Amino acid sequence: MGALLQVKDLGFSYNGSRQIFKDISFEVQQGEIVCLLGPNGIGKTTLLNCLARLREPLQGSVLLNGEDMADLPAREVARIIGYVPQTLIPSFDYTVLEYVVTGNAPWLGTFEKPGPEHYQRAEEALQQMGISHLAQKPYTRISTGELQQVSIARAIAQKARLILMDEPTAHLDYGNQLKVLRLIKDLSAKGYGIVLTTHNPDQVLLLDAKAAIIDHQSIFHFGSWQDILTEELLSAMYGVPLRLIEVEGIDRMVSIAPSL
Amino acid sequence: MLLLIGVFLSLSLGRYSNDPIKVLNVLLSKLGMNVPVDPAMVGIVFNVRLPRVLASVMIGAMLSLSGAVYQSVFRNPLVSPDLLGVSSGAAVGASAAILLGAGLATRQIFAFAGGILAVLVTSLVPRLLRNRSNMMLVLSGIIVGGFLSSVLAIMKFVAEEQTQLASIVYWQLGSLASILGNELFAILPVFLVCSTLLLLLSWRINILSFGDLEARTLGVNLRQVRTIVIICASLLTASAVSISGTIGWVGLVIPHLSRLIAGSDNTRSMPVTLLIGAIFMLMIDTLARTVSTVEVPLSILTGFVGAPLYALLLYKQRTRLE
């Protein structure tokens, strides 16, 4: 069984002039979490968007279950990859259920409308996220944390096996950040592959995830955190001193800044 | 049901006679029943009132449906169907026909062609600039609309004041006074085909309203669906405007009202929009021909009714707007 997602020598530049990143290769297996780390503006979101085929890479290829994604129809890609954007900008006040049911789109013909079984699937996705009580609420009037859960629920209704998330914790308070990380961990335990971008290296440790790092010199590092996360790399990448310490009492490593 | 009652009531109202019993008898006799009929009434009902009633129903449905679609596709509840220049194009077309001294039929064809041409030019600009975002299309619509309103101004400036200028102004206010049966048959196919397509695509239109990024990650063939939807909505508006002249407010207000009644999900609100639009326009046109001895242009009435209605809707939704 090959990898769910295989990235080969990927490179990207805007208008062919400024190279954003290059020579990026890694794999994502089922049930794996990969965190994309890197300083601001280095191209984390651009890389994520290349994986979602929202942008076309200049060099290299992305294989989905062994098939080149560039050759697959959009519908096929959407049946495997779900995308959770950093923020949803609601325009009309659809109910949460009406929103989540659109996850069925890649499984329906252009002129088809969702039937009872599709609403059922959407309700199950809400249940998995523990937000069934929100089903009939307009999605314009729920909290940012709830909106993030709704967005993930749609990816589940989509029956995606790989979920891409652009800074899933960006606009959340500390409690909600941890709750969303918990959800991500649960999803990976259920066999979903997950790629997310983050600004917080400690999340890699919290999630016990693999790290994909584009460092300050645009050099790509990939591997389990134990293998590639070092104080030197983190400090150089973010341009501030950072420590990696084993903390007694919580039995895990943390990435933390010394006193300022 | 409400629509049928409305149609009947509207058929009963008019300058010749306001007796619903007579009208009912005329309709029943047409269905093969043996009832006493007023022969003059038969002519009035079938040749004068019925085409007009049907036209108002169809035009109301067309304008409000395309308004609903435009609002969803452009993710903006303040958008009306003339966003991409349909109405200004049609106005220029109709005015050109008036200046050339052409008859009614030519005027309608010119108006239709003008409306469609304007939308084509609007959709060409983003293509030339190689930026196919929605925002570029909206800006392009503003450019084309602005240019066309200047063209229209020149036409008005050179028009002969007493006759041509008056015709242009009157056309821009909208009226169904001179409607004939065969015009209905000309726009009926457009109405049937485009409305059916749009209603079939109503769920996809929900997805379009999430924005390009989300639609693409859901595997929707964005360019294809958006093109079909915009073409259908523009055809609807252009056909409606070509026989009635420009009519304001309907395409803006009715979709709002429908969303308030049926919710935002287009699979439910679009059919409701179609019906309410039809009933609304029927009421307006009936008012237009009965309220005084001279015909009142439609845009005057839609403005007087539509603007306060819009204010009322905003009042109801005020907590949702931030």
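The values are calculated or read from the model by the stated rules, or taken from the named source; none is laboratory data. On a predicted model such as this, the values are computed, not experimentally measured, just so you know. Cβ coordinates were reconstructed from backbone atoms using ideal geometry, including for glycine residues, and neighbour counts include every protein chain displayed.
Worth a mention:
- Out of B:Ser299, B:Ser269, one residue alone is part of a helix (DSSP H, G or I), at pLDDT 95 or above, closer than 22 Å to B:Leu65 by Cβ and in contact with a helix residue (DSSP H, G or I) (Cβ under 7 Å, 6 or more places away or on another chain). It is B:Ser269.
- Checklist (1) at pLDDT 95 or above; (2) surrounded by 18 or more Cβ atoms within 10 Å (Cβ to Cβ) applied to A:Ser255, failing item: (1)
- Of all residues in segment B:67-81 being touching a Ser or Thr at 6+ places or on another chain (Cβ under 7 Å) and more than 21 Å from B:Glu214 (Cβ to Cβ), the one that is farthest from the other protein chains (Cβ to nearest Cβ): B:Pro81
- Total residues in segment A:234-260, condition among the hydrophobic types (A, V, I, L, M, F, W, C) and part of a strand (DSSP E or B): 6
- Evaluated against (1) more than 21 Å from A:Ile152 (Cα to Cα); (2) surrounded by fewer than 17 Cβ atoms within 10 Å (Cβ to Cβ), A:Met69 falls short on exactly one condition, (2).
- In segment A:47-62, residue farthest from the other protein chains (Cβ to nearest Cβ) [restricted to those that are within 16 Å of A:Leu196 (Cβ to Cβ) and crowded, with 19+ Cβ neighbours inside 10 Å]: A:Leu47
- Breaking point among (1) within 25 Å of B:Met1 (Cβ to Cβ); (2) within 12 Å of chain A (Cβ to nearest Cβ); (3) at pLDDT 95 or above, for B:Ser264: (3)
- Pair list, Cβ under 6 Å, 6 or more apart: segment A:189-206 residue more than 18 Å from A:Lys44 (Cβ to Cβ), other residue in a loop (DSSP other than H, G, I, E, B): A:Gly191/A:Gln30; A:Gly191/A:Gly31
- Criterion applied to B:Leu192, B:Leu197, B:Leu176 was being more than 13 Å from chain A (Cβ to nearest Cβ) and in contact with a helix residue (DSSP H, G or I) (Cβ under 8 Å, 6 or more places away or on another chain), and the one residue passing it is B:Leu176.
- For B:Arg204, the conditions (1) away from every other protein chain (no Cβ under 14 Å); (2) touching a Phe, Trp or Tyr at 6+ places or on another chain (Cβ under 9 Å) all hold with the exception of (1).
- Hey, A:Lys185 surrounded by fewer than 17 Cβ atoms within 10 Å (Cβ to Cβ) and either free of Cβ contacts under 8 Å to residues at least 24 places away in the same chain or closer than 28 Å to A:Asn40 by Cβ (or both) or not: yes
- Residues of segment B:91-140 satisfying the condition of being out of contact with any helix residue (DSSP H, G or I) (no Cβ under 8 Å at 6 or more places or on another chain) and closer than 18 Å to B:Ser66 by Cβ: B:Leu120, B:Val138
- Residue that is farthest from the other protein chains (Cβ to nearest Cβ), among those in segment B:84-105 that are free of Cβ contacts under 8 Å to residues at least 60 places away in the same chain and of a type in the set (A, V, I, L, M): B:Leu100
- Residue within segment B:49-59 that is surrounded by 23 or more Cβ atoms within 10 Å (Cβ to Cβ), of a type in the set (A, V, I, L, M) and over 19 Å from the mean Cα position of the chain (by Cα) present: no
- Residue within segment B:239-252 that is free of Cβ contacts under 8 Å to residues at least 40 places away in the same chain, away from chain A (no Cβ under 11 Å), surrounded by fewer than 24 Cβ atoms within 10 Å (Cβ to Cβ) and in contact with a helix residue (DSSP H, G or I) (Cβ under 7 Å, 6 or more places away or on another chain) present: no
- The combined condition, being out of contact with any Pro (no Cβ under 9 Å at 6 or more places or on another chain) and under 20 Å from A:Val34 (Cβ atoms), is fulfilled by A:Val195.
- Of the residues making up segment A:63-90, those that are in a loop (DSSP other than H, G, I, E, B), within 9 Å of chain B (Cβ to nearest Cβ) and either over 26 Å from A:Gln148 (Cβ atoms) or touching a residue at least 60 places away in the same chain (Cβ under 8 Å) (or both) number 3.
- Some residue of segment A:159-167 being in a loop (DSSP other than H, G, I, E, B) and over 23 Å from A:Phe26 (Cβ atoms): yes
- Subset of segment A:168-194 [hydroxyl-bearing (Ser, Thr, Tyr) and assigned to a loop (DSSP other than H, G, I, E, B)]: A:Thr169, A:Tyr192
- Taking the criterion of being in a loop (DSSP other than H, G, I, E, B) and at the interface with another protein chain (Cβ under 9 Å from one of its Cβ atoms), the residues of segment A:104-140 that qualify are A:Leu108, A:Thr110, A:Phe111, A:Glu112, A:Lys113, A:Pro114.
- Test: residue in segment B:215-229 that is away from chain A (no Cβ under 14 Å) and of a type in the set (A, V, I, L, M, F, W, C): no
- Conditions (1) within 14 Å of chain A (Cβ to nearest Cβ); (2) modelled with pLDDT under 90; (3) not in a helix (DSSP H, G or I): number failed by B:Ser292: (1)
- Screening A:Met237, A:Met253 for residues that are in contact (Cβ under 8 Å) with a residue 24 or more places away in the chain, farther than 14 Å from A:Val34 by Cβ and in contact with a strand residue (DSSP E or B) (Cβ under 6 Å, 6 or more places away or on another chain) leaves exactly one candidate, A:Met253.
- Answer from A:Thr102, A:Thr87 - the residue that is closer than 30 Å to A:Leu10 by Cβ and either surrounded by fewer than 21 Cβ atoms within 10 Å (Cβ to Cβ) or of a type in the set (Lys, Arg) (or both): A:Thr87
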